[in-house]
Amino acid sequence: MAAQLSYRPKPGEIPTNPGVYRFRDADGRVLYVGKAKNLRARLSNYFAPLRSLHERTRRMVTTAASVEWTVVDSDVDSLQLEYMWIKEFDPPFNVRYRDDKSYPFMAITLADEAPRVIVTRNHRIKGAKYFGPYPKVWAVHDTIDLMIKVFPIRTCSDASYKKAMQSGRPCFPGQIGRCGGPCSMKVTIEEHRAIVDDFISFMSGGDERFARALTARMKEASAAMDYEAAATYRDRLQAIDAVLKRSALVLAPDTDADVFGIAEDELSAAVQHFVIRGGRVRGVRATTIDKELDIAGADLVDQVLQRAYGDAASADIPRQVLVPELPYDAADLEQWLRDRREWPVSIQVAQRGRKADLMKTATLNAQQALMLHKTRRTSDYVARSQALTDLQEALDLAEAPLRIECFDVSHLSGTNVVASMVVFEDGLPRKDQYRSFGVPETTDDTDSLYQVLTRRLAYLDRPEEGEELPDAEAVLAAGVSDGEVVTTRKKPRFAYRPQLLVVDGGKPQVEAAARALADAGHSEIALCGIAKRLEEVWMPGEEYPVILPRTSEALYLLQRLRDEAHRFAITHQRRRRKRDISSVLAEVPGLGDTRIKALLRHFGSVSALREATPEQIAELPGIGPKLAATVHAHLSEG
């Protein structure tokens, strides 16, 4: 691999102005679009020594054959141009969005002569105004049923509307009072359009002026003894109250804001966009992002906001945007949104209070969405089959790895060292075959990994030692045939040979595992490691890692294996540490289970408890000075 790229511009050729740059491949296809306040400073990062680049950045710049740039007048202009080019060229190395289209929307067809309200999953109806998405279809229908009692707009189909207008006979929904369009002969097209505007105004902000106006009309009708009209206004007020109660008041009634909760890992991110209007959650938009280059934190927020508001109407941009982390060009983004909305817009990080609580909720939803996204990919049969085939090809295996074992080592500051083994068969976890290992105090993770793999591989050479005979109850359950007991021998699970071993780690961990395989005489078993920071796949004896494509099912399977091994190791390590702590404290006279639990909750570990003074221990309820001194003395002796 060349140390420098052949198409690298001379430093003096790149301007220091703000602008947007594009990397292209040999065929002229745009691979990546980015913006910069200083083009020369930004592009120089891509042309650093290849060994120092992130693996995925290195793959992008080595795939590219040229780079070009466009200078603009301001940072805001570069932001707008970057968004336009990303939308136009759809570069493969920029983040890619997968909108969750499973949720239904409420749409008002404003392009129609007499707009109607419908429930749809189609987000491309020309001229339509959308509200939602809603979690369930029935939730949209219920909201519409309540809304048309207050704002009687058209609900009939276009065919019914056309037939009714030609025949002069109201459509069927109009005959039963469920359609208030012009075909009902009760309103003109202009009057109907005004009702539609009120409908949209209410749904956009829950404008309580409608409630106040209806209340005033109800009182006037009641004073005039027009009780029938007063009852109609009362029913409409109840409908408004029912709509408002469906979306709880989460912020102040005058708050219009969008809240973005983001959860991410090295390959993907999930975004939960809460739309708050009039202090109430009016909709939630879910998006999953596939990442190719090393983009995280502030840069990711920048891309998410561009995507959310790039094509948004001015009415859909709120006064306040709450994000988990401020983008580097927050001021430019605010100016961009201000120009689009024609009113001030602020981008903030929620620090405390109800806004911070709402951000936590959005982030939790994003974390669950990311987990579900990854689980669906690895649990789908087609995806699993593709993952195993991709692994076979990427790692140059003789056969698809139907049984994969993954190992991880966990410890607490070098103590309580444990290791985990998780097993996937046919791409699915076999939790009944998971195993955990206690490891003596060692110098580093590689030594621990070598010990664990040596112990595990030893079972492949002596399966007879692991064979299990049925106990007395199993013998009786098996039955008797011709006077002889029918018994079976069960092959031990450790005796099954994996086609692939995966270790959590990079080159050092892979080399330690390869040494264990060689010493055990099992070189026929394939081996790889997956490094968490860069999601690199390392093979033994190779100088460079294997970089699987971002959309590769194989990479998601390896991620799932690694994450599951890490979870299992951490769980076992915590249980063991808790057991060790409890056993130490159980030796102290006068300490029962309740007081031990209180000490563990407060101090967390024996080491922290050892560093505490008797006075600090005595601060806990139920532990007096005498018992605190006893605990301190016992731990000091240990």
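The values are calculated or read from the model by the stated rules, or taken from the named source; none is laboratory data. All of these numbers come straight from a predicted model, not from anything done at the bench. Quick reminder, even Gly has a Cβ in these numbers, built from the backbone with ideal geometry, and neighbours come from all protein chains shown. These accessible areas exclude ligands, DNA and RNA; they are computed on the full protein's heavy atoms, side chains included. Shrake-Rupley method; radii C 1.70, N 1.55, O 1.52, S 1.80 Å.
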Unit Cα scatterers, Debye sum, the range 1-150: log10 I(q)/I(0) for q = 0.13, 0.15, 0.19 Å⁻¹: -0.72, -0.81, -1.08
Distance from the range 67-85 to the range 210-235 (C-alpha centre basis), Å: 57
Rounded accessible area of Thr361 (nearest 10 Å², 1.4 Å probe): 60
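What is the gain in length, in nm to one decimal, between Trp138 and Asp396 on full extension, counting 0.36 nm per residue of separation less the C-alpha to C-alpha distance?
Working it through step by step, the gained length comes to 87.8 nm.
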Sites Phe172 and Phe89 - FRET efficiency at Förster radius 35 Å, r taken between beta-carbons, to 0.05: 0.10
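Give the accessible surface of the range 328-373 per residue, rounded to a whole number of Å², with probe radius 1.4 Å and ligands, DNA and RNA excluded.
Details: 2850 Å² over 46 residues.
Spelled out: the 1.4 Å probe surface of the range 328-373, per residue, equals 62 Å².
FRET efficiency for Asp519 and Asp432, Cβ-Cβ distance as r, R0 = 30 Å, nearest 0.05? Write down the numbers at each step before the final one.
Values: r = 29 Å, r/R0 = 0.96.
About 0.55, to the nearest 0.05.
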Distance (nanometres) between label positions extended 7 Å along Cα→Cβ at Tyr328 and His602: 4.8
R0 of 51 Å, Cβ-Cβ distance Gln351-Thr188: FRET efficiency to nearest 0.05: 0.50
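Using only the heavy atoms of the protein chains and a 1.4 Å probe, how would Phe603, Phe47, Phe89 rank by accessible area, largest first?
On the way: Phe603 40, Phe47 20, Phe89 65 Å².
Sorted by accessible area, descending: Phe89, Phe603, Phe47.
Counting heavy atoms of the protein chains only and a 1.4 Å probe, report the per residue accessible area for the range 105-173 as a whole number of Å².
Spelled out: the 1.4 Å probe surface of the range 105-173, per residue, equals 52 Å².
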Phi-based couplings in Hz for the range 268-280 (Karplus 6.51, -1.76, 1.60; Gly and Pro marked x): 9, 8, 10, 10, 10, 9, 8, 9, 10, 10, x, x, 10
Computed accessible area, Trp138, all protein chains, 1.4 angstrom probe, square angstrom: 150
Inter-site label distance for Glu611 and Arg338 at 7 Å from Cα along Cβ, in nm: 4.8
Net length gained if the chain between Leu372 and Arg567 were fully extended (0.36 nm per residue, minus Cα distance): 68.6 nm
The range 163-183 versus the range 316-371: alpha-carbon centroid distance in Å: 44
Rg/Rh (Cα only; Kirkwood hydrodynamic radius) as it applies to the range 280-392: 1.06
Accessible surface of Lys35 - all protein chains present, 1.4 Å probe, nearest 10 Å²: 40
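Compare Ser78, Ser222, Ser346 by solvent-accessible area with a 1.4 Å probe and give them largest first, with all protein chains kept in place.
On the way: Ser78 5, Ser222 55, Ser346 30 Å².
These residues rank, largest area first, as Ser222, Ser346, Ser78.
Taking Rh as the Kirkwood radius, which is the inverse of the mean 1/r over Cα pairs, what is the Rg/Rh value for the range 214-341? Working shown, then result.
Details: Rg = 20.8 Å, Rh = 17.4 Å.
The Rg/Rh ratio comes out at 1.20.
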Per residue convex hull volume, Cα atoms of the range 59-100, in Å³: 100
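Starting from the residue with the highest accessible area, list His123, His572 in decreasing order, probe 1.4 Å.
Correct descending sequence by accessible area is His123, His572.
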